[in-house]
Amino acid sequence: MTKSDTLVEPNSVHADVSKEIEENLLASLAVLNSQSMNSTIVLTKRASGGKLLAGVSGTTSYGWFLVKLMWVDEEHRRTGIGTTLMQEAEQRAKSLGCHGAWLDTSNPKAHEFYLRLGYSDFGKLSNPPGNEPLGHCRWFMKKVLRPE
């Protein structure tokens with residue numbers, strides 16, 4: 001690739017370009033690898049006025065459900081909304097043929113939340129001493145959805 005072939009996308013189109021890259025990657029992988037259906041799962045909980053209270057978003061591939069995003073409004077944490085959304089997302093993933101779920105988080109409170117939901121660590125990425133941000137850690141977690 002020459003310098004003139006490089007295109008830097010403006011921030012406003014990053015999401016669209018990222019989606020286009022992902023779609024092309026998944027299409028090329030599907031030709032090379034046998035896999036289960038690639039599906040997107042998005043669940044939300046909204047207040048009666050429409051305000052977003054919580055949401056989970058993920059994709060299925062190769063029999064796994066990847067939880068990409070999970071968020072609960074600060075005022076509604078520890079009310080069961082997050083647990084309910086995660087359980088519903090996992091059920092939908094199972095119905096699409098997924099045997100397991102995986103995710104990553106760098107939030108210690110979220111790590112504890114996922115542990116309570118039955119997820120376990122399968123990897124950890126930590127910043128070495130002297131590197132910023134100090135003490136940063138990302139946990140990679142998985143959960144069996146359908147026992148063998």
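Quick note: the coordinates plus some simple rules give every number you see, no bench work behind them. This is a predicted model, so every value here is computed, not measured. Glycine also receives a Cβ, built like all others from the backbone with ideal geometry; neighbour counts cover every protein chain displayed.
Each of LEU66, GLY49, SER126 was scored by the projection of its Cα onto the charge dipole of the chain, and the greatest displacement toward the positive side belongs to GLY49; charges sit on the C-beta of Lys, Arg, Asp and Glu. The charge dipole of the chain, taken about the Cα centre with unit charges on the Cβ atoms of Lys, Arg (+1) and Asp, Glu (-1), comes to about 560 debye, rounded to the nearest 20. Amide H contacts for ALA54 (H built 1.01 Å from N in the peptide plane; partners 5 or more residues away or on another chain; cut-off under 5 Å): LYS45, ASP73. Couplings for segment 87-97, taken from phi via the Karplus curve 6.51 cos²θ - 1.76 cosθ + 1.60 with θ = phi - 60°, read 5, 5, 4, 5, 4, 5, 4, 4, 5, 8, x Hz in order; Gly and Pro are left as x. Between LYS124 and TYR62, the modelled labels are 2.4 nm apart [label points 7 Å from Cα along Cα→Cβ]. Subtracting the Cα-Cα distance of LEU25 and ASN38 from 0.36 nm times their residue separation leaves 3.5 nm of extension gain. The share of alpha-carbon pairs in the chain lying farther apart than 19 Å comes to 63%. Each of THR84, THR59 has some number of other Cβ atoms within 10 Å of its Cβ, and from fewest to most they run THR84, THR59. Cross-link check: pairs LYS51/LYS94; LYS109/LYS143; LYS19/LYS109 evaluated at a Cα-Cα cut-off of 26 Å; pairs beyond the cut-off: LYS51/LYS94; LYS19/LYS109.
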